[in-house]
Each structure stands twice: as C-alpha cells, then as structure tokens.
Amino acid sequence: MPQTITEKILARAGGVDSVRPGQNLPFRPDHMIAYDFPGYTDVMFRQMHEDFGITELAEPERYLVFIDHMLTKGDEKERDIHKVTRDWCDFYGVTLHEAEGIGHQVAAELGYAPPGRFLIHFDGHVSGLGAFGSLGWGVRRDLLEAWVSGQIYLDVPATVRFDLTGEFRPGVDNRDLIHAIIGRLGADGCAHQVMEFGGPGAEAMSIDRRQGLCGMAMFTGAVSAIFNPDRRALDYADAVARGPYEPVSSDPDAEYSSRHTFDLSTIEPQVVLPGSARSANTRGVSELDTTEVTKAFIGSCASGRIEDIRDAAALLEGRKVSAGVELNVVPTSAEIHRQAEREGLLDVLRAAGANIHTSSCDFCFGYQKPLQPGEKCISTGVLNISGRMGSTASEIYMGSASTVAASAITGTITDPREVMA
Amino acid sequence: MSGYPPPPETIRGRVAWIFGDDFDVDLIIGVENIKHYDADVLRGVTMQAYDPDFVDEVEPGDVIVGGRNFGYGHPHYPPLVALRNLGVAAVVAESFSPGFWRGETYNGMPLITAPGITDHVRRWDPVEVDWRKARVTLPTAGTTLEGTPPSERVTKIIEAGGSLRLLLAEHRR
C-alpha cells in the first residue's frame, strides 16, 4: 500500500506494517520532549513521582528536557523553577539542555531529529523539526501519557500535500508563505492533518526556511508539517545525528486528502493584524504602510535563524533603526548567535541601533521587556494574541524578519523591497 | 484542572450559547483572566462580554455550541474550567481546532463534532447528546445530527473523567 512519509514514520513508531488515516493506535516516540515551564513540567514532575509512583525510567534516553524559557530575570522564581527541573532530570537520568537556545532549534542542532524520527513535545512548535524529514507533534498535556507509559495514542492524520514551485523573490520568505497559505485555505485549512511540502520550490528552500515554515503549521490547524528528506536534510543530519537513523519518503502514489500548488515567486510580503493568524487578519504589507510601530522583534522558534539575521543585517547595513522604535534581535540558539557574531552580522545590527539578546523564548511570550499599554510591535514571534508579549493593551503585528527590519528602519510597517530598492 | 466526573450516557440540557467560527475560548473569560483558576474569580468574569446573566441562567447539563474550528488560537484551560464549574457538560461544534480538542479531551470534556449544528439550534433550545455515538438530538428543530464517534481510547478517557484518571488507573505503581 502506498504511504506518505508521515504514515511510514508512524507505522514504524506504532510497530505495524502500515497505517491509514483515521486509525487510533499507540505510538512510541523516539523522543518525548518538554521545556520547563511553571504549571506544566513542575506539575508533570510531581505527578510522575508522587501520583504514579515512578522512581525509575525504563528508557531515560527517550526523554529530553530543555530550559529555554524564563532565563532573563535571574530572580528567585526563575532559580527555583529551573532547580526543580535540574533535580528531576538528575533523579531520573534524563538529558537536560540548559540555556543553549530555543529547544526546537537546539534539538535539530544536537542531532535529535534526523530524517525518519518521531518526536513529541507538549508545545506544538516542535513541528519545525519536519524540516529534516522527522515528524514533530505537539500533544499538550498528553505528553504525560507518553512519559508514564512510553507510548501515546494518536489518530493517524491524513496528509495535505503542498506542491511548491518557483523560488522566493528577494524580501520574501517562508514567513510570508505560511500566512499566504492561511490566507488561502483558512485557519482550519489543514485541521487535524499533516502539511507535506514538496516540489521544486521545496527542494530549493533552505533548511532555515523549512524550519520556520514547518514550525508554524498549527496555525493552519495542522498537527504537524514535514518535508521529504533530500540531500540538504541528509547532509545536515549526517553532520549531527546521534546514532543511526532511517530516512523515509512518501511514495509517488501516496494518497493525500488534498493537494495545493503555491508558486513561491508570486508570494508577497504578508503581515498579520493583532489578534491571531487567521485569514481575516492576514494582509499584504502594502495595506498597512501607515501603521506606526514602537517595538520590533526578530527571534522565536519561527525565526531568528542565521538567514533571518542575514536578511535583517542586509537591510540595516548603513542604516539606522528609527528613533521611535526599539529593535530587539534574539538569535534562535547560542550556536546561531556565535555564527552571526563570526559573520559580523551582529555588529551590523548593533551599529544600526538594534539590541542583541541571549537566545531564549522570553521575548516571544512577554516575559522579557514586556510590551507596555499602547505599544505596537512588529514581530517574527509565533503568536499575536492580545497580551502575548506583555500588556493586553498593546498590539502585535507579525511578519518576516525582512519586514520587521524594514519597519524598524522607517517606524511604520514597511515592505522590505522598498528599503532594498 | 485534572479531570471531571464522567458524564451520563446521555447529556440532557439546553444550548446555553452559540459561538461563531474560529472562536478563541480565551474570550469566554477575557484575555486578562486566562491564568486564573479560582472558582469565584472565574465566575465573576465568565461570559461577561457576551451576557452578564449567563452565569445565573446556565444549568448543569447545558451545552455550548460552536462553529467551525472551535477553540482556535492559543487556548488556555481556565475558560473551560469556568464553564465546567457552572455545569456545562459538553461542547458541540461544527469542528474543533486540534490543540483545543486535545487539551480538553485530556480533561475529559465531551467534544462532539456535529456538522450542521449551527444551522439547527437557537439559544436555550433543549438538546440531548449521546456522546458515545456523537449523536445530537434537537427536539425543537426535530432533527438528530450524527458526527464521528470518539475512538475507543477517547471513549475510555471520557468514561474515566479525564486522561489523568485513566492513566493513573493504568500505570500507577
């Protein structure tokens, strides 16, 4: 029976020859991941030990914990939260990565997500690992099911195929594509399904772009997103993989619930109005060119990678951030931060007046320098619901790193192609 | 937070409210209040933006009706805790956003996908929900809608009053 890459990964994880959409089966993830966050991990830690009476893990190597939130205040609350996490990981022999960057990126860099792997996390942005031909699925509190039993029951999702043609034009990237997809298909266009990207446009897309694209899958209603592994993904994986892995790809005659073609060369810069990323809030950047901003943010698990920083630096080189705007740039990981420093990109950004911060999730969820009432921010963060980055009386517009950089220069939401011209 | 009493075989009540498409449940209590779990605080803020009398009029067994993609956004748990505290026993919608569906199924809330529901109900219509069969009976409209029944696993979760209770029964050492 022909299968999609997602079905093949799940069949292996389910210990069966094949799966079909709609089946509900238990699956064994290769890695079961969390970042520490009050109300989530501390509760799970306590539940496992006290409620379930688990004092030893059969396979601690399948568990993975990141400390990437709440790293920037250095106060007692932060120290307490992270101490609980360290103690728990130490007790159970679970690998902990602390302050190395945003986990969804660090997991890729450290080789946890080579092609064919199945990974779950309570946070849905783990779908970014689909860039490598691995399946990352955000399961919310059901992570506990996997942590106490080693497996998780899931409905096998159908797959929506996106055939990408052409290449992004200068000033346009994956961020504009995901919002263009939402604009066309709606916020539930891929509900309960997996987005699979293929075609010449997908093959031409860099790993950074693929990660950013896949990481936003949830805003189409998708449970994940994935690329079939090609030379780029395999080269990346070969350099970092921890142990052997088995790449799989969709069969040519695999069944899809629907197919959509997007010509990347026709995508225009997109901006999302404050509220949420649904289609009614999605606009071409030119429609918002009189909207003034006071803050600009480049970072999060959906941006802040080396190519995003290069794009921002190219726009900001020899220019200045507008006097009325504060631009904050957070590389997605410590490794990316070092690379950006080596390439001189951070010096360019600093010279333009940008603030560079240590890698963490803290800006994106309103923990670090929260927005004040009345502020308007243009952001590459993942979410722009009211109050996400600070005050509920502030506003968040979302766009690509190029759009954020261009807007920071002019002080109003700006098409990056105008600054390039 | 961790679960609710299992529902009866047939949930009988009224349609306490009808929400539109892509509804963000955080709005039920207002985004300023999405970190609260205290029952009194939640009662004071529930549905205030829609109907200040809601908290006094809703009764145990009543259900909420939603449009397409109910639960879209970045759903937090307190809004549904607030509705549960008031006796809301199920959500019936055209379709559910996956993240919301997963989070509330974990909590043991029966979520019934019933395409066509919003065309057939008005507020306070009586309703019967056979959650195992995803069958929604609407006497006023003279209609019965049937969705896709929950999987065996989800049925067990609802029967147990939430995933945590089921997992404890299965895996406590």
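No value in this document is a laboratory result; all are computed from the given coordinates. Keep in mind that this is a model prediction, so the values were computed, not measured. Every residue, glycine as well, gets a Cβ built from its backbone with ideal geometry; the counts of neighbours run over all protein chains shown.
Which of the three applies to chain A, rounded, prolate or oblate, going by the alpha-carbon gyration tensor with a ≥ b ≥ c and a/c under 1.5 meaning rounded? The shape class here is oblate. Residues whose amide H comes within less than 5 Å of that of B:Gly66, counting only those at least five positions distant or on another chain, are B:Phe19, B:Val92, B:Ala93, B:Glu94 (H built at 1.01 Å from N in the peptide plane).
This model, with +1 at the C-beta of Lys and Arg and -1 at the C-beta of Asp and Glu, gives the stretch A:285-421 a dipole about its Cα centre of some 260 debye.
The phi torsions of the stretch B:160-173, fed into the Karplus equation with coefficients 6.51, -1.76 and 1.60 and a -60° offset, translate into couplings of 7, x, x, 5, 4, 5, 5, 5, 5, 5, 8, 10, 5, 9 Hz, rounded to whole numbers, with Gly and Pro shown as x. Highest mean packing first, where packing is the average number of other Cβ atoms within 10 Å per residue, the peptides A:309-318, A:114-123 line up as A:114-123, A:309-318. Relative to the current alpha-carbon distance between A:Asp90 and A:Thr55, full extension at 0.36 nm per residue lengthens the span by 11.4 nm.
A simple charge model with +1 on the Cβ of Lys and Arg, -1 on the Cβ of Asp and Glu and nothing else charged puts the dipole of the protein assembly as shown at about 200 debye relative to its Cα centre.
Think of the protein assembly as shown as having a plus end and a minus end, set by charges on the Cβ of Lys, Arg, Asp and Glu; of A:Phe262, A:Pro38, A:Gly150, A:Gly150 sits farthest toward the positive end of this dipole. For A:Trp137, the residues whose modelled amide H falls within less than 5 Å of its own, excluding neighbours fewer than 5 places apart on the same chain, are A:Leu119, A:Ile120, A:His121. Per-residue ellipticity at 222 nm, computed for chain B from helices alone with -39500 (n - 2.57) per DSSP H run of at least four residues, works out to -7500 deg cm²/dmol. Hey, how many Å between the Cα centroid of the stretch A:322-387 and the Cα centroid of the stretch A:278-313? Measuring centre to centre over Cα atoms gives 11 Å. Pull out a ≥ b ≥ c, the square roots of the eigenvalues of the alpha-carbon gyration tensor of the stretch B:1-137, then state rounded if a/c is under 1.5, prolate if not and a/b is larger than b/c, and oblate in the remaining case. Taking the square roots of the gyration eigenvalues as a ≥ b ≥ c, the stretch B:1-137 is rounded. Evaluated with a Cβ-only charge set (Lys, Arg +1; Asp, Glu -1), the stretch B:10-171 carries a dipole of roughly 520 debye about its Cα centre, given to the nearest 20.
Per the Kirkwood formula applied to alpha carbons, the stretch A:270-420 shows a radius of gyration over Rh ratio, Rg over Rh, of 0.93. Each of A:Gly101, A:Pro115, A:Ile182 was placed along the dipole of the stretch A:70-187 (beta-carbon charges, centred on the mean Cα), and the one lying farthest toward the positive end is A:Ile182. Electrostatic tally near A:Ile306: other residues with Cβ closer than 12 Å to its Cβ, Lys and Arg +1, Asp and Glu -1, net -3. Rounded to whole numbers, the Karplus 3J(HN,Hα) couplings from phi for the stretch A:365-378 are 10, x, 8, 9, 6, x, 5, 8, x, x, 6, 10, 10, 9 Hz, using 6.51 cos²θ - 1.76 cosθ + 1.60 with θ = phi - 60°, and x at Gly and Pro. Of interest is the spacing of the C-alpha centroids, which for the stretch A:1-52 and the stretch B:103-152 amounts to 28 Å. Distance from the C-alpha centroid of the stretch A:122-144 to that of the stretch A:186-253: 12 Å, rounded to the whole angstrom. Counting charges near A:Thr55 (Lys, Arg +1; Asp, Glu -1) among other residues having Cβ under 13 Å from its Cβ returns a value of -1. Descending by average beta-carbon neighbour count within 10 Å, the peptides A:180-187, B:102-109 line up as B:102-109, A:180-187, the highest first. Looking at B:Ile64, B:Ala89, B:His76, which one has the Cα that reaches farthest to the positive end of the dipole of the stretch B:61-150 (charges on Cβ: Lys, Arg +1; Asp, Glu -1)? Farthest towards the positive end: B:His76.
Counting Lys +1, Arg +1, Asp -1, Glu -1, what net charge surrounds A:Arg12 among other residues with beta carbon under 11 Å of its beta carbon? Counting the neighbours of A:Arg12, the net charge comes to -1.
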